[in-house]
1. Scan the stretch 246-272 for residues that are within 16 Å of the ligand (Cβ to nearest atom) and in a loop (DSSP other than H, G, I, E, B) and report the count.
2. Report, by residue number, each residue of the stretch 395-422 that is of a type outside the set (D, E, K, R), at pLDDT below 90 and in contact with a Lys or Arg (Cβ under 8 Å, 6 or more places away or on another chain).
3. Specify which of the listed residues (333, 282, 254) is open to solvent by less than 40 Å² (accessible area, probe 1.4 Å) and under 25 Å from residue 382 (Cα atoms).
4. Can you tell me which residue among 246, 207, 203 is closer than 30 Å to residue 299 by Cβ and of a type outside the set (Ser, Thr, Tyr)?
5. If I ask for residues that are over 19 Å from the mean Cα position of the chain (by Cα) and closer than 26 Å to residue 224 by Cα, which ones from the stretch 96-136 would you list?
6. Return only the number of the condition from (1) open to solvent by 40 Å² or more (accessible area, probe 1.4 Å); (2) within 23 Å of residue 122 (Cβ to Cβ); (3) free of Cβ contacts under 8 Å to residues at least 24 places away in the same chain that residue 218 does not satisfy.
7. Hey, does the stretch 235-251 have a residue that's surrounded by 19 or more Cβ atoms within 10 Å (Cβ to Cβ), more than 23 Å from residue 115 (Cα to Cα) and at pLDDT 95 or above?
8. Does any residue in the stretch 137-151 that is open to solvent by 50 Å² or more (accessible area, probe 1.4 Å) come within less than 8 Å, Cβ to Cβ, of a residue that is at pLDDT below 90 six or more places away or on a different chain, and which pairs are these?
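The values are calculated or read from the model by the stated rules, or taken from the named source; none is laboratory data. Bear in mind that the values here come from a model prediction, so they are computed numbers and not experimental data. Reconstructed Cβ throughout: ideal geometry from the backbone, glycine too, with neighbour counts over all protein chains shown. Quick note on the areas: whole protein, heavy atoms, side chains included, nothing else; ligands and nucleic acids left out. Shrake-Rupley method; radii C 1.70, N 1.55, O 1.52, S 1.80 Å.
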Amino acid sequence: MGNCCCCRSSADPKTKYGNIHGYPVYKTEINTDVIRAPTTHAPASKLPKPIHPVIQTPVTPTRPKIVVGVYKYEARDSQDLSFDKGDRMEVLDESDQDWLFVEHLITGHKGFIPGNFVAPELSVESEDWFFENISRKEAEKLLLGDESQPRGTFLIRPSEHNPNGYSLSVKDWEVHRGYHVKHYKIKPLDNGGFYISTNKTYESLPELVLAYSKNALGLCHVLSKPCRKPEPTMWDLAPTYRDKWEISRDEIQLLRRLGRGNFGEVFFGKWKNQYEVAVKTLREGTMSTQAFLQEAAIMKKFRHKRLVALYGICSEQEPVYIVQEYMSKGSLLDFLRKDEGKLLEFEDLIYIAFQVASGMEYLESKQLIHRDLAARNVLIGENNIAKICDFGLARVIEDNEYCPKQGSRFPVKWTAPEAIVYGKFSIKSDVWSYGILLMELFTYGQVPYPGMHGREVIELVEQGYRMPKPTSHNLPDEIYQIMLKCWDTIAEARPTFEFLTHYFERFNVTSEVPYREVPD
Ligand code: AMP
């Protein structure tokens, strides 16, 4: 393992300087030698062009980029490489950040690896305790979700407010509060170091972690062990599918029917008999395959941890298959109505509201409109992870029943008035739908506008009617006010998903009364 080109640091004229984007940055001694005109008598044509004395730009060979496995990965096809946690690999081509082309430094094998399973060597991202893309709420969920993790379990994440700072989240326990999470600011020093308390400063985050692992030094508890890291989402089934979305039908095995959706039946299945997938089968004539292929190409590029990953499609025969990431708990709507969902606490509902807003914030930033945001189009996985599905799909559906031209299946109760009346779909009509989704969520899956027909809803909403605050649950007024803002007649006056994400992220659950059904 030690005999690789990355271990040349002693011979290297450069000295480690710091980190940029996680990669070590090296300070290079600038060579200020003056280049002199040659004095040889070589033929003029062979002589280098006369040059004026200049300061030479240092020409240093580019330092090989080494990454280490943060998770174990098993190769899935002939183009990729297996590796273990901690294995070192040299990056040979990083033009596609999702699939790096590397050479394994132990086996010498070359191949593609998923970029989100590795981190640059010696970078903070390669540390077990460093969680790159999580918010405060997600940190709490990860620390508290696994009961086997002891007091003092911790993680460090980039601060959401201070671009150079970090936050330390620690699992704690107190008699009157039980298990909970405490968050500490890690502030940067001008010279590159860090501190939590001004009287103790550290040159690096690992040094800080080491110190607080030996002694609590004023923290609620000594740091005991890094929080368990959930495996990242695979965006493609394998590198073969990184820029191709047609999957061979015989590689897909349909194993169990999950349900019936707007477009056809949905199955739990496996790809190559091994990897779990969800397969949507499209009823014949549901959409033009050509239109869907175009849409799939776009959808495949939208990647966010709150959006269900689209792996590809089988479109060469009917019925067309849409192959997606499998979400073990099914649709949010079904989940809320079943036993497990009914047991969700108020803070779990807030967490789901936050995750959906966060996925929609991503679509908002990419100017993609969902057009059919509803609890039935949000899927739930382990630990109440929520992901939005079917984004962009409503646009290509040719089914008259579904098409936004008033059919029995047109989602009237979820659709903003300007979209129903003028067909004006926008991210702001999605915000309206999000308000309806909030109502579904906080009433554990009640049908919106209970007892009313679509036509009646359209008329009343046009006249300014809005769903009242449900009397059946302890819905805090503050959240009901957010729903009303989402249902503002003036689309532009509705909040942004960015606002909604921050709102639910920061929502202080502890100040709320227990969220239970109000007894009659
Ligand atoms: P849909 O066509 O999206 O309405 O899906 C119909 C049903 O299939 C949903 O209610 C879910 O229970 C299930 N389903 C759809 N997509 C998935 C998925 N990716 N993972 C797990 N279950 C799914």
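1. Of the stretch 246-272, the ones within 16 Å of the ligand (Cβ to nearest atom) are 247, 252-271.
Next cut, in a loop (DSSP other than H, G, I, E, B) only: 247, 261-264.
Residues meeting the conditions: 5.
2. 402, 404
3. Just one listed residue meets the conditions, 333.
4. 246
5. 120, 121, 122, 123, 124, 127
6. (2)
7. At the first step, the residues of the stretch 235-251 found to be surrounded by 19 or more Cβ atoms within 10 Å (Cβ to Cβ) are 235-239, 241, 245, 247.
Filter once more, keeping what is more than 23 Å from residue 115 (Cα to Cα): none.
Within the stretch 235-251, none of the residues are surrounded by 19 or more Cβ atoms within 10 Å (Cβ to Cβ), more than 23 Å from residue 115 (Cα to Cα) and at pLDDT 95 or above.
8. Note: pairs meeting the criteria are 141/383.
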